[in-house]
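The values are calculated or read from the model by the stated rules, or taken from the named source; none is laboratory data. What you are looking at is a predicted structure, and each value in this text was computed from that prediction instead of being measured. Heads up, the Cβs are rebuilt from the backbone with ideal geometry, glycines too, and the neighbour counts pull from every protein chain shown. Note: accessible area is taken over every heavy atom of the protein model, side chains too, but ligands, DNA and RNA are not part of it. Shrake-Rupley method; radii C 1.70, N 1.55, O 1.52, S 1.80 Å.
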Amino acid sequence: MTKDALPARRHIPPPRRGSGRFARRNRILACPSLGWLAGVLLAASPALAGDAPALPERVQFNQHIRPVLSDNCFTCHGLDANKRKAGLRLDTAEGATAVHDGRQAVKAASLADSDLWRRINASDPAVHMPPRDSGKQLKPEQIALLGRWIEQGAVYQKHWAFEPPVHSGPPPIRQADWPRNDLDRFILATLESKQLKPSPEAPKETLIRRVTFDLTGLPPTLEEVDAFLADTRPDAYERVVDRLLTSPRYGEQMARCWLDVTRYGDTHGLHLDNERAMWPYRDWVVSAFNQNLPYDQFIIWQLAGDLLPQPTREQLVASGFNRCNVSTSEGGAIDEEFQVRYAVDRVETSSTAFMGLTMGCAVCHDHKLDPISQKEFYQVFSIFNNIAENAMDGNALLPPPTLKLPSPQQTQQLEEFDGRLAQLDRRLHEMVAKLDYHDPALATNAPKTEPKEMVWVDDDFPAGADVQINPGNAPYQWIRRDAGPVLSGERALRRTGKGLHQVFFTVKDAPVVVAAGDRLFANVYLDPQDPPRAVMLQFHVDGWSRRANWGDPDAIAYGQKGTVEKVQMGPLPQTGKWVRLEVDVARLELRPDTKIAGLAFTQFDGTAFWDQAGRVSVNDPATDPAWSFAAWAKLEREAGDGAALPGAIKELLKTDPAKRSDAEQQKLREHYLLAAYDDPQSGLAPLRAELKSVRAQREALDQAIPATLISKELDQPRPAWVLIRGQYDKHGELVGPGVPAILPPLPPGEVTNRLTFAKWLVKPQHPLTARVTVNRFWQQFFGTGIVKTAEDFGTRGEWPSHPELLDWLATDFVASGWETKRFVRLLVTSATYRQDSRVTPELARLDPENRLLARGPRYRLDAEALRDSALFLGGLLNFEMGGHAVRSYQPSGIWEAVGYTTSNTAKYVQDHGDALYRRSLYLFWKRTAAPPEMTTFDAPSREQCRVRRERTNTPLQALLTMNDVTYFEAARQLGYRMLHNGGKSDGDRLRYGFRLVTARPPGSEECAVLAQNLAAERTLFAANPEAARQAVSVGEFKVPDDVPADELAAYTMVANLLLNLDEVLTKN
Amino acid sequence: MDPVNDMLLRQTRRAFFKRSGLAAGRIALASLMFPEWFHARAAATPRARTHPPLPGLPHFAPKARHLIYLFMNGAPSQIDLWDYKPGLAARYDSDLPDSIRQGQRLTTMTSGQKRFPIAPSIYQFAPHGECGTMVSELLPHTAQIVDELAVVRSVYTEAINHDPASTFILTGNQIPGKPSIGAWLSYGLGSEAENLPAFVVMTPRWSAKRDAQALYQRLWGAGFLPSKHQGVALRANGDPVLFLNNPPGVDPAVRRTMLDGLSKLNEAALYQSGDPEIQTRIAQYEMAFRMQTSIPDLTDISGEPKSVLDLYGPEVTQPGTFAASALLARRLIERGVRVVQLLHREWDHHGDLPRDLPLQCRDVDQACRGLILDLKQRGLLDETLVVWGGEFGRTVYCQGELSRTNYGRDHHPRCYTMWMAGGGVRGGVVYGETDDFSYNIVRDPVHIRDLNATLLHLMGIDHHRLTYNFQGLDQRLTGTEEANPVRGILA
């Protein structure tokens, strides 16, 4: 489109595709995906179907224009200076009105002089914006909005979410008898502005079921329903709410929602995905909600509990929040890379959870849509980069830093053990002090003891040995004297082959345990006609790691020469005669007590005969560390840093004996006598044994004490750089701690750390924290947040459906001292919450997502509430709180299909008994294979922070609630409850069951359907008793035996039907 | 006109009850009721489907309508299978020249090695087919179909360890949380299968005698997309689809009776509350019931003629083998399933490669050929894209001890080989080239982003334009960095 062809000023062009069609299309399209547009459309009179959509009288930049520009333009004309095209910036007024080549993108009040207008209306693809290959396309109504905005002066506004919330009084309303609190006045004012009316209050049964699910994650009991129905006091409902708020189930329900945000799981999440212990943190979250810990403290403790002065145990446990991220110990992974990943994850989680900011977009470059530069990202990163952890988690249950959590009883037991240990230690010292020790090594005329031989191989391999040859090698033979040379006994082992060939064995039991001075030996006879190039003895210690070689050192490729992997002993033994090969254990660096579990006879080429192999022990007190201090000192000194000794002793041993002071020498000697000297005459052994046993008991107790991952700050912060393109090893500018300039500044102080950051978050003038928090609570109770994009309050996030209400709630929450229970009470006692959820055709058309709340919330329950309520209705639910996670029923093979075979979560071992019926909050969460009962109903994998769940509706869900053992066993127990407690007649029993699951009595037609269904199932099972018996035997709970199986089976199927009713799966 | 409300307004209570029990009628109605209906209408698809594509998709005429992705988890050695390097034999045990290594990043498994001795492949290569592509003796069957394959020898990635690398190639990002390829395709293109999920995953067993690298459900997860797009595992043991089978003692008549009652009551509830979601739920229960028949029908291969079974090799009748899974893959796409993914584990041969690689190849080799030929003889190969490969390659130098008969290879992200066949792919080509050491790419590099852009392109999708707004960003399978379809392998 050329300039000449521009539409005349003050004229909004008709939509390009014809207004009638456009309007219809628009009505359909607008509803599901364009919330902000729905607002625009609803502003117009809904009755005038077929008209062009009315534009808002006054176009607001924040509400109307920024979303359009942000979606379509900011990627190339936004904040990121590196990606900016044509030097044009549209996110600021200065940028948009800057003059380029004599033209402006936006000229206030002049469409004709605004290049943006020309471009978005151009038909020439070379000129048209957004470019076709961007995949972006402006809708006609968006073009119209932009046009009117320019005409009205193209006024820019700062993004609303970066301005502190303003506490304004509730707006005036007409229907003054409807609101129950100020919250309702905001909702009503919007409804009235759109000529809508709120719905009547929901029936009492619906109401108590709704609020009981919302506050406890469970349905009400019939007794609770009846009590509420009977209570005619005006505050009967508020009394129910207050009762529920004091239930311990409340904390479980609130915690459950928070654990998605914290990415809580029971495994590391990466690679091996081993178990790790974070559950004390989970239990702390439950108790924090139950104790109504003020939410600002809730935030501070989790982000920085460890940095508070003299932190309490609870505050330390809470700081596990920072440790919930996935971690790895994959062989080959690089520490620095993962250190960076963990810190990035912590920044992303904290910014999403507390600020609704997508800071992760700025890892690689300036954020394209929000005012967060890459440098600012790394300033926040530097705050989260200082946790004293190892990059590799070691696949450990408790990678440090961790905190032990002994019970008072365990603390006392530990003290008792420590007392006993001290006493025993004292006695040991006393005995040593009385010893008159003389080192046999210093004795001049001590007799030498005779060497003793232990023969391991003679005539055969040791009993139980696993004997193997290399693939492709010729087999070995045991030959007798008539077939060749034999040294001892009846037989010798003959090996012949080409290249590298060998025979080797390992034993499971009875390995050879070496002592100091031992020598290992084997006899060999080399065939003079066909001598090997080299022969080798290999010893299995931890793997085949010790080798002694005779002959060509390069022939046999195993091991690195010059190390114990390949010690060169000498030339090839003489051929044609038996030669005894011997090697000192010291030469192979085999320390005393090392277990040798295997031996290999290895050759390169040639034929050899092997016979009689074993060990020679010298048994000389002068060289035995159990008797001689000097021998011990030599041995431990050679072991160097590998010695299992206290650090100070190890250091002393490294010094030259001649230069040691007397005191030092005495100290070493004393240590020897206390710990190693082993003359049976001394009487030290029983005392040491008792010490060892008590230590082991203490260790066992210590192991049984639960512990959890916590945060701990490094003494010296790690340096942080801007990482170029986000790559861990591409350092840019060095940065210190800081926060994005668009937000209030951090308070000045000597140090800036996580605690500074946490306190900054909860300052009243922070524009985001309180808003994001109350929005998430709103989402929890109404299904959708006031800002639908609960994870994104940035410019790309959705415009709030009720901006003033959001601010009012946020400021009210802060003013109340961040009191969560009070806030939750405010929501659930509002008239808005208490409305009937019935959808009229008019509302379905005008507000399909129920953003305006002209009706009560109605949507499918979350996965956990579904499972828990089935267990509850079947009378199976186990209310036990807290502790180690449980493994309930799970289809076979879920873990096995993915698990690393050596992972300790490779195989699913199901629990039994009461553990099967614990609340879903306590299900073991393996993050690479999360429980299918949860993920099928949209639970996230907990690999990263999620603040919002989808709510899908799929056939796989139907299969689950119909057939899963948990649900079917619950159906049987519900059927049994109906039979047992529901009255004498089928009619009474069916009514009872229906009331149990829905809280309301069934209508007459519903009764008829159920009765018909029961009759049909009864007929089917009566004809097939075996099927009935099978059907009632599902699950491990004891099958009731006081009811005929076919009758129970028929009731089980009716209960299965009831548990699958839409109304039962739904919060209504 | 708003069909949801029109329907509601027109229905009388009596009509609801009358219709019940007629599954077909309910489904026809239900298909109108899915949330995607709005999109379906806007896209003017000829027929309302239970799982229609997004409006405007496909972006252009697709070459392939189905994807079968044969993922070899653990990283097969390109040097021993596809990337023929005859010159290496003379360099046995010599050090990898620094000019080749270029100081590039190593895993900590070999970064401590004092030397990097070259381990030539001990396997023979020979030219095959009319194209003459060189293939290792370890893949004698696959070698027979090279004229159907585009062998890409120049794939590369940045990830160097299994977890991030598998996550990268299959979800477009090294960090968990993004949707998998199959989920993207389900989201974008919907499904043509009425009674089966759009995206099906199998994890066949393996033969190498070592600890298997882990898989992660995220490799077929939906990430931030609605969870209905996640891959559905088709299992060899237990229920073939989770919770598919009725509990013991519950036969189809019992289940049907329960469902009839359920539908009646749910319809009454729909009338009461007016919530269109109830209609969807009714339809999903009926779909679940139909799956109880359609899936056993799918897995029952007794009707397959011997000539077909023979194509896949002797293990085809053993559930849970790669061969059996490959046959099921064909049966799935025949039924309209959009994406089938087989994840075969334990190709991670750091040591004892000559012991384990032949076993792994034997698992998959004949079945790969069988699958291609079977698809071809049914005319399905033209509309099905088949992809084979792992998450990265392996080093030319030996990890651990090198001998004439034994060696191991470490991870190598800088080049490796994958192949593609079928819809829109030019057969009989070799694309890309590596240096004499199969260490660096010297011609036509293909980043895994390019590979994913190619897959999408063949399925009729411009990868720039398949997006989902999440956390303020238009998320793509190919991420934010440049990616281009590989034109050189397109038919």
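Candidates are the residues of region B:51-92 that are open to solvent by 50 Å² or more (accessible area, probe 1.4 Å) and touching a helix residue (DSSP H, G or I) at 6+ places or on another chain (Cβ under 6 Å); the one that is modelled with the lowest pLDDT is B:Pro55. Assuming A:Arg1029 fulfils every condition listed in (1) facing another protein chain (nearest Cβ under 9 Å); (2) in contact (Cβ under 8 Å) with a residue 40 or more places away in the chain; (3) in contact with a Gly (Cβ under 8 Å, 6 or more places away or on another chain) apart from one, which condition is it? Result: A:Arg1029 passes all but (2).
Name the residue, out of B:Val396, B:Val425, B:Val429, B:Val442, that is under 19 Å from the mean Cα position of the chain (by Cα) and of a type in the set (Val, Ile, Thr).
B:Val425
Would you check which residues across region A:805-821 are touching a residue at least 24 places away in the same chain (Cβ under 8 Å) and more than 14 Å from A:Ile187 (Cβ to Cβ) and list them? Of everything in region A:805-821, those that are touching a residue at least 24 places away in the same chain (Cβ under 8 Å) and more than 14 Å from A:Ile187 (Cβ to Cβ) turn out to be A:Asp807, A:Ala810, A:Thr811, A:Asp812, A:Phe813, A:Val814, A:Ala815, A:Gly817, A:Trp818, A:Glu819, A:Thr820, A:Lys821.
Looking across region A:1038-1061, the residues that are outside any helix (DSSP H, G or I) and surrounded by 18 or more Cβ atoms within 10 Å (Cβ to Cβ) come down to A:Asn1060, A:Leu1061. When B:Arg404 is tested against (1) basic (Lys, Arg); (2) open to solvent by 10 Å² or more (accessible area, probe 1.4 Å); (3) assigned to a strand (DSSP E or B), only condition (3) is not met.
Which residues, taken from region A:616-634, are within 17 Å of A:Arg669 (Cα to Cα) and assigned to a loop (DSSP other than H, G, I, E, B)? A:Pro621, A:Ala622, A:Thr623, A:Asp624, A:Pro625, A:Ala626, A:Trp627, A:Ser628 - these are the residues of region A:616-634 that are within 17 Å of A:Arg669 (Cα to Cα) and assigned to a loop (DSSP other than H, G, I, E, B).
Under the condition of being surrounded by fewer than 19 Cβ atoms within 10 Å (Cβ to Cβ), within 29 Å of A:Thr506 (Cβ to Cβ) and not acidic (Asp, Glu), the residues counted in region A:618-644 number 8. Against the test of being within 14 Å of chain B (Cβ to nearest Cβ), open to solvent by 40 Å² or more (accessible area, probe 1.4 Å) and part of a loop (DSSP other than H, G, I, E, B), the options A:Lys508, A:Lys498 yield a single qualifying residue, A:Lys498.
From A:Gly419, A:Gly360, grab the single residue that is on the phi < 0 side of the Ramachandran plot, buried (at least 21 other Cβ atoms within 10 Å of the Cβ) and either part of a helix (DSSP H, G or I) or free of Cβ contacts under 8 Å to residues at least 12 places away in the same chain (or both). Outline the logic, then answer.
Numbers: A:Gly419 fails: buried (at least 21 other Cβ atoms within 10 Å of the Cβ).
When all the criteria are applied, what remains is A:Gly360.
Once region A:897-937 is narrowed to residues that are within 20 Å of B:Ala222 (Cα to Cα) and assigned to a helix (DSSP H, G or I), the residue that is farthest from the other protein chains (Cβ to nearest Cβ) is A:Met934.
Out of the helices (runs of 4 or more DSSP H) lying entirely within region A:204-317, which hold 2 or more residues that are of a type in the set (Val, Ile, Thr) and either over 27 Å from A:Val997 (Cβ atoms) or at pLDDT 95 or above (or both)?
The helices (runs of 4 or more DSSP H) meeting that bar are A:204-216, A:236-245, A:248-262, A:279-290, A:295-304.
Sub-6 Å Cβ pairs linking a first residue in region A:130-152 that is closer than 12 Å to A:Thr75 by Cβ to a second residue that is at pLDDT below 90, at least 6 apart or interchain, are A:Pro130/A:Asn72; A:Pro130/A:Lys136; A:Lys136/A:Asn72, ordered by first then second residue.
When the residues of region A:1010-1026 are filtered to those that are aliphatic (A, V, I, L, M) and open to solvent by less than 10 Å² (accessible area, probe 1.4 Å), the one that is nearest to the other protein chains (Cβ to nearest Cβ) is A:Leu1010.
Screening A:Ala696, A:Ala700 for residues that are open to solvent by less than 80 Å² (accessible area, probe 1.4 Å), under 30 Å from A:Phe629 (Cβ atoms) and without any contact (Cβ under 8 Å) to a residue 60 or more places away in the chain leaves exactly one candidate, A:Ala696.
Check whether at least one residue in region A:867-881 is closer than 30 Å to B:Arg218 by Cα and of a type in the set (S, T, N, Q), and report yes or no. Among the residues of region A:867-881, at least one is closer than 30 Å to B:Arg218 by Cα and of a type in the set (S, T, N, Q), which makes the answer yes.
Listed here are the residues, each with its yes/no results for (1) within 22 Å of A:Trp258 (Cα to Cα); (2) out of contact with any strand residue (DSSP E or B) (no Cβ under 9 Å at 6 or more places or on another chain); (3) not in a loop (DSSP other than H, G, I, E, B).
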site: A:Glu791; (1), (2), (3): yes, no, no
site: A:Leu852; (1), (2), (3): no, yes, no
site: A:Arg855; (1), (2), (3): no, no, no
site: A:Ser869; (1), (2), (3): yes, yes, yes
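Residues that are closer than 22 Å to A:Lys498 by Cα and polar (S, T, N, Q) were ranked within region A:561-580; the one that is surrounded by the most Cβ atoms within 10 Å (Cβ to Cβ) is A:Thr575.
Here are some residues: B:Val396, B:Val429, B:Val442, B:Val386. Which one is crowded, with 23+ Cβ neighbours inside 10 Å and under 25 Å from B:Leu88 (Cα atoms)?
Going through B:Val396, B:Val429, B:Val442, B:Val386 in turn, the sole match is B:Val396.
Look at B:Tyr156 and say whether it is open to solvent by 10 Å² or more (accessible area, probe 1.4 Å) and of a type in the set (Phe, Trp, Tyr). Answer is yes for this residue.
Listed conditions (1) surrounded by 19 or more Cβ atoms within 10 Å (Cβ to Cβ); (2) within 11 Å of chain B (Cβ to nearest Cβ) are all met by A:Asp847, apart from (2).
Just the residues that are among the β-branched types (Val, Ile, Thr) and under 49 Å from the mean Cα position of the chain (by Cα), please, taken from region A:517-558.
Residues satisfying the conditions are A:Val541, A:Ile556.
Can you spot a residue in region A:525-542 that is open to solvent by 50 Å² or more (accessible area, probe 1.4 Å) and of a type in the set (A, V, I, L, M, F, W, C)? The answer is no, given that none of the residues of region A:525-542 is open to solvent by 50 Å² or more (accessible area, probe 1.4 Å) and of a type in the set (A, V, I, L, M, F, W, C).
Where in region B:118-230 are the strands (runs of 3 or more DSSP E), entirely inside, with at least 1 residues that are at pLDDT 95 or above, within 19 Å of the chain's Cα centre (by Cα) and within 14 Å of chain A (Cβ to nearest Cβ)? Spell out the reasoning first.
On the way: elements: B:125-128, B:133-136, B:149-156, B:199-202.
Strands (runs of 3 or more DSSP E) meeting the threshold: B:199-202.
Considering region A:953-973 alone, what residues qualify as being in contact with a Ser or Thr (Cβ under 8 Å, 6 or more places away or on another chain) and either more than 12 Å from chain B (Cβ to nearest Cβ) or open to solvent by 10 Å² or more (accessible area, probe 1.4 Å) (or both)? Answer for region A:953-973, where residues must be in contact with a Ser or Thr (Cβ under 8 Å, 6 or more places away or on another chain) and either more than 12 Å from chain B (Cβ to nearest Cβ) or open to solvent by 10 Å² or more (accessible area, probe 1.4 Å) (or both): A:Asn953, A:Thr954, A:Leu956.
Here is a yes/no grid of residues against (1) touching a residue at least 40 places away in the same chain (Cβ under 8 Å); (2) more than 7 Å from chain A (Cβ to nearest Cβ); (3) touching a His at 6+ places or on another chain (Cβ under 9 Å); (4) open to solvent by less than 30 Å² (accessible area, probe 1.4 Å):
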| position | (1), (2), (3), (4) |
| --- | --- |
| B:Ala253 | no, no, no, no |
| B:Leu259 | no, yes, no, yes |
| B:Leu265 | no, no, no, yes |
| B:Leu270 | yes, yes, no, yes |
| B:Ala283 | yes, yes, no, yes |
| B:Gly313 | yes, yes, yes, yes |
| B:Ala324 | yes, yes, no, yes |
| B:Leu327 | yes, yes, no, yes |
| B:Arg331 | no, yes, no, yes |
